[in-house]
Each structure stands twice: as C-alpha cells, then as structure tokens.
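The values are calculated or read from the model by the stated rules, or taken from the named source; none is laboratory data. What you are looking at is a predicted structure, and each value in this text was computed from that prediction instead of being measured. Because the Cβ atoms are built from the backbone with ideal geometry, glycine has one as well, and the counts that use them run over all protein chains shown.
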Amino acid sequence: MNNDRYTHPDARVVDAVIRSRRAVRAFRQDAIARDVVDQILDVARNAPSNANTQPWRVDVLAGREKAALSEVLRRAHDEDLHPPLKYLPDLLPDTLRTRQESFGATYYGALGVPKEDFQQRARVTARNFDFFGAPVGLIFSIDSTLTKFSWLDYGIFLQTVMMAARAVGLDTCPQVSFARFQNVIAEHLELPSGFEVVCGMSLGLSDCDSPVGSLEMKREPVQNFARFRGFES
Ligand SMILES: Cc1cc2nc3c(=O)[nH]c(=O)nc-3n(C[C@H](O)[C@H](O)[C@H](O)COP(=O)(O)O)c2cc1C
C-alpha cells in the first residue's frame, strides 16, 4: 500500500513544530498581543476530550495582573509554609530516576548550581513564579471532582497549546510548580469553587542568550519504549 496516500500535506511542518518545542526557562520581555494568545487558545480548543467534556479553564495573565500573581507567589515561596509539591513519588522506578537525575544535572549544570546547594536551588525554583520573565503567564485549572481520565484530556490540551504557540513562533514552559500554591492561586484569581490548579505555563519569546533559553533534554529512542507486534514489514 502506498503510504503517501496517508500523508497530510503539512505533515513535515507539524513534525518540525513538534520537534522544535523546548521547555524554555528564560524569556525576552517583548510583549505578546492579546489576539495572539487568543489565536493560540482558539487552535488548542480543538483538542479532544472524553465525551467532549473540555475540562479546561485558563486564566491568561499579562502586565500588572501577571506581576501581582508573581508577587503573591514569590512571597508564599519565601515564607515556605506550604508543604513541598510531590509531583513524583519518592520511590521512582530506576529508569525514571536516572532520567530525572540526568534532567537535574543538565538544568542545574547549565546554571552552574551545585547539586547540594539547596539555597541556590530554591532561588532557581522561585523563578517559576516569575514565569521565567515571560510576558504572558497562563494558569490552567480543573474541577477537582474530575478523575485521571479528564487529566488525560488536560495533558493533550496543554500539548496542543504548546504546539499552537510554536506555530506562531512562541515558546513555552509548562510548570507544575504552581500546583504547590493551590489555595493562594485560587483565592487570588477567584477560581470557581472546587477548582484546582493543574499547572501554569510561561509564554513568550525565548531569550537565546540565556543558558536555559533552549536546553536540549535527551529522549529515549523508539525501540526503548515501544513493542511492535504483528507487522509484516
Ligand atoms: C506537566 C509538566 C510540568 C512541568 N513542570 C515544570 C516546572 O514546574 N518547572 C520547570 O522548570 N519545568 C517544568 N516542566 C518541564 C520539564 O522539565 C521538561 O518538559 C522536560 O525536562 C523535558 O524537556 P523539554 O520540554 O525541553 O523537552 C514540566 C513539564 C511538564 C510536561
């Protein structure tokens, strides 16, 4: 069978957009127009979801509104009264632990922060709440009665947002760090009752001069995670 029949005319562009995304942790200050963010979300709303429930809510912040949230969160981070966010279990499978350590070595290594320097690491973590200097910050939330299947929808939506951003030349960093300060954010943004923060996201143009403007994280080759069965060629 001729595979060309199944090739979308924009397939190469889509591949390039997917491959070009990086979690960017240093942004230029250039403002992003509201229309541009609106356009990104207008593309992302095409993401699929279980029974088309579309469980996403997005608060889009710029200017003073973004600065005000950052300020509140920086204070909460400095006070250190909230328990640390356990975004991964303590007992990670060895292969995942190795990848996590490799990520840490690449990220903190690029910033010249030693593994054992917890104070400097905390300062690096705090940059999350400044949206790494990006002109736009997004906060994604969900009705907390929903289950992991709706969170699956959410992951697809988030990737679609990041792809739509790349398609207009913008960069992103998805940030689970915001979930540490659930109540602070819910109160500050007046989220609907019973909503919880899924994550935040920085949006803007990468500062290519920064060592963390476009870090390249390794990926496993396909044969390390996929098992093919029943193929004749
Ligand atoms: C759901 C999710 C949450 C993340 N949270 C953070 C975060 O809070 N802070 C951060 O600096 N990076 C965060 N990241 C970025 C990951 O560290 C990054 O995607 C990973 O190291 C792979 O690198 P790459 O995205 O540049 O390919 C998050 C990524 C995802 C998908």
**Request:** List the number of the failed condition for ARG127; all other conditions in (1) more than 30 Å from PRO48 (Cα to Cα); (2) more than 11 Å from the ligand (Cβ to nearest atom) hold.
**Result:** (2)
**Fill in**
When SER141 is run through (1) surrounded by 15 or more Cβ atoms within 10 Å (Cβ to Cβ); (2) away from the ligand (no atom under 12 Å from the Cβ); (3) under 20 Å from PHE27 (Cα atoms); (4) not hydrophobic (A, V, I, L, M, F, W, C), the failure sits at (3)
**Prompt:** Does LEU205 satisfy the criteria of being touching an Asp or Glu at 6+ places or on another chain (Cβ under 6 Å), away from the ligand (no atom under 15 Å from the Cβ) and closer than 20 Å to ALA16 by Cβ?
**Reply:** yes
**Prompt:** What residue, of PHE225, PHE181, is modelled with pLDDT of 95 or more and out of contact with any His (no Cβ under 9 Å at 6 or more places or on another chain)?
**Reply:** PHE225
**Complete:** Taking region 169-184 and the residues there that are within 17 Å of the chain's Cα centre (by Cα) and among the hydrophobic types (A, V, I, L, M, F, W, C), the one that is surrounded by the most Cβ atoms within 10 Å (Cβ to Cβ) would be PHE178
**Request:** Could you check how many residues of region 79-113 are of a type outside the set (S, T, N, Q), surrounded by 11 or more Cβ atoms within 10 Å (Cβ to Cβ) and in a helix (DSSP H, G or I)?
**Result:** 12
**Request:** Give the residues of region 212-233 that are in contact with a Ser or Thr (Cβ under 7 Å, 6 or more places away or on another chain) and of a type in the set (Ser, Thr, Tyr), sorted by residue number.
**Result:** SER214
**Complete:** Checked ALA44, ALA62, ALA11, ALA51 against criteria (of a type in the set (A, V, I, L, M, F, W, C), modelled with pLDDT of 95 or more, farther than 29 Å from THR106 by Cα and loosely packed, with under 15 Cβ neighbours inside 10 Å); the one match is ALA51
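Could you identify the single residue in GLU232, GLU220 that is farther than 30 Å from THR95 by Cα and either free of Cβ contacts under 8 Å to residues at least 60 places away in the same chain or within 14 Å of the ligand (Cβ to nearest atom) (or both)? Show your work before the answer.
Numbers: GLU220 fails: farther than 30 Å from THR95 by Cα.
Exactly one residue qualifies, and that residue is GLU232.
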**Fill in**
Residues in region 163-185 that are closer than 19 Å to ASP130 by Cα and touching a residue at least 24 places away in the same chain (Cβ under 8 Å) total 14
